[in-house]
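The structure appears below as C-alpha cells.
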C-alpha cells in the first residue's frame with residue numbers, strides 16, 4: 001500500500017490544480033441587460049397584481065428557448081372553464097388512437113341538460129372551446145370516459161400541478177355550495193338562486209367563494225397550465241393533424257376579448273381559452289409574435305372582489321408586457 005500512496009496523493013492534489021468548470025458547464029450566462037429586462041417584467045407582473053384584492057398568478061414561456069418567467073407560478077388556482085383545454089386534449093388523443101372520430105355523433109343527456117339534438121364531436125369541440133358551452137363540455141367529458149380519464153391523459157404527459165376532478169355541472173354545483181341534484185341543471189340552479197338571497201347576491205355581485213377557491217379539486221398552477229398549452233402547441237401532446245385542428249379552434253375563441261387579447265396589437269394571432277367563476281378570472285393560450293416566434297401564457301386571478309373589468313385588465317396588461325418582453329428583449333444569453 002505504501003508504494004501507491006505518492007500516486008494517490010498526487011492525484012488528489014491534482015484535483016485542486018484542475019481548472020474550474022466554465023460557466024457553459026452550468027448553462028449559458030445571462031447578460032446584465034437580460035437580467036434587467038427579466039427583473040422589469042416581473043416587477044410589471046407584481047404591479048398588475050396590486051390591481052386586485054385577490055391573488056394573481058402568471059407564467060410565460062418562450063416556446064423555442066423554453067425560457068420561463070412567473071409570478072406565483074406554483075400557486076393553485078381554480079381552473080374554472082380553462083379545464084376545457086384538458087377535455088379537448090383527451091378527445092383529440094382518442095381521435096389519434098382511432099377510438100373516436102370528429103364526425104362521431106354524441107347523444108345528449110336530456111334528463112340533465114334538457115332537450116336538444118345529438119351533435120358531432122367536431123361541433124361540440126367548437127362550442128366548448130370558442131363559446132365555453134358547458135353542455136357541450138359535459139357531453140365530451142362523458143364521451144372521454146369521465147373526469148378521471150381526462151385527468152389521466154394530463155398526468156400521462158408528465159404534467160404536475162393540474163387536476164381534473166369534475167364535469168362542469170358538478171364543478172359549478174360545488175362553486176355555488178349546492179349539493180348535486182338529479183334532473184335539469186339549469187332549473188336546479190335557478191331554483192336555488194330563487195330560494196337563497198345570499199346565494200343570489202353572491203352571484204349577481206360576482207363575489208368569490210373563498211372555500212371553493214382554496215379547494216384543490218379542479219385546480220391548476222399557472223405553470224402547470226402553461227405546461228399543458230405549450231405541450232399541445234409544440235406538438236408534444238398530439239398528432240400534427242390534431243394539433244392543427246385544436247389550435248385552429250382556439251384561435252377562434254369568442255370569449256375574453258378584453259383578457260389576453262385586449263391590449264395586443266391588432267391582428268396578433270392568439271389561441272386561448274378563458275375561465276370564469278365568481279371572483280375568479282382566467283385565460284391561457286399561445287401568442288404569436290410578428291416574426292413567427294411564439295410564447296405561452298397563463299394568467300389566473302382568484303378571490304377578487306373588484307370585478308371582471310379589473311380582472312380582465314390584469315390579464316390584458318400581463319399579455320402585452322410579455323409580448324413586448326419577448327419581442328424586444330435582447331439576446332437571451334452571451335457566451
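For residue 306 and residue 101, what is the calculated FRET efficiency with R₀ set at 45 Å and r taken between the beta-carbons, to the nearest 0.05? Let's see the in-between values first.
On the way: r = 45 Å, r/R0 = 1.00.
After rounding, the FRET efficiency stands at 0.50.
Shape of the range 96-176 from its Cα gyration tensor (a ≥ b ≥ c, root eigenvalues): rounded if a/c is under 1.5, otherwise prolate when a/b > b/c, or oblate? Write out the running numbers ahead of the final one.
Values: a/c = 1.98, a/b = 1.17, b/c = 1.69.
Since a/c reaches 1.5 but b/c is at least a/b, the shape of the range 96-176 is classed as oblate.
Once the Cβ-Cβ distance of residue 130 and residue 33 is raised to the sixth power relative to R0 = 41 Å, the FRET efficiency obtained is 0.50. For the range 124-147, backbone nitrogen atoms closer than 18 Å to the point 7 Å from residue 248 Cα along Cα-to-C-beta are found at 124-131.
Going by alpha carbons, how many degrees (0 to 90, nearest 10) lie between the helix axis of 185-195 and the longest principal axis of the chain? With rounding to tens, the tilt is 80 degrees. So what's the angle, to the nearest 10 degrees on a 0 to 90 scale, between helix 32-49 and the longest Cα principal axis of the chain? Between helix and principal axis, roughly 30 degrees.
Reported to the nearest whole Å, the Cα centre-to-centre distance from the range 67-99 to the range 192-251 is 8. Here the ratio of the Cα radius of gyration of the chain to 2.2 N^0.38 Å is 1.18.
For helix 222-233, report the angle its Cα long axis makes with the longest principal axis of the Cα atoms of the chain; keep it between 0 and 90° and round to the nearest 10°. Tilt of helix 222-233: around 90 degrees. Note on the chain: GNM, Cα springs under 10 Å; of 284, 36, 234, the largest mean-square fluctuation is that of 36.
For q values of 0.13, 0.16, 0.19, 0.27 Å⁻¹, compute log₁₀ I(q)/I(0) with the Debye formula on a Cα-only model of the range 205-267, without solvent. Result of the Debye calculation: -0.58, -0.82, -1.00, -1.11.
Modelled spin labels at residue 214 and residue 264, positioned 7 Å past Cα toward Cβ, are 3.6 nm from each other. Between residue 42 and residue 234, the FRET efficiency estimated from the beta carbon spacing at R0 = 35 angstrom works out to 0.90.
Taking 0.36 nm per residue of sequence separation and removing the Cα-Cα distance, the residue 324/residue 289 pair yields an extension gain of 11.7 nm.
Given axes a ≥ b ≥ c from the Cα gyration tensor, I'd like to know whether the range 184-335 is rounded (a/c under 1.5), prolate (a/b larger than b/c) or oblate. Working shown, then result.
On the way: a/c = 2.26, a/b = 1.82, b/c = 1.24.
Prolate is the answer for the range 184-335, as a/c is 1.5 or above and a/b outweighs b/c.
No value in this document is a laboratory result; all are computed from the given coordinates. Only a predicted model underlies this, so the values are computations on that prediction, with no experimental measurement involved. Here the Cβ is made from the backbone with ideal geometry for all residues, glycine too, and neighbour counts use every protein chain on show.
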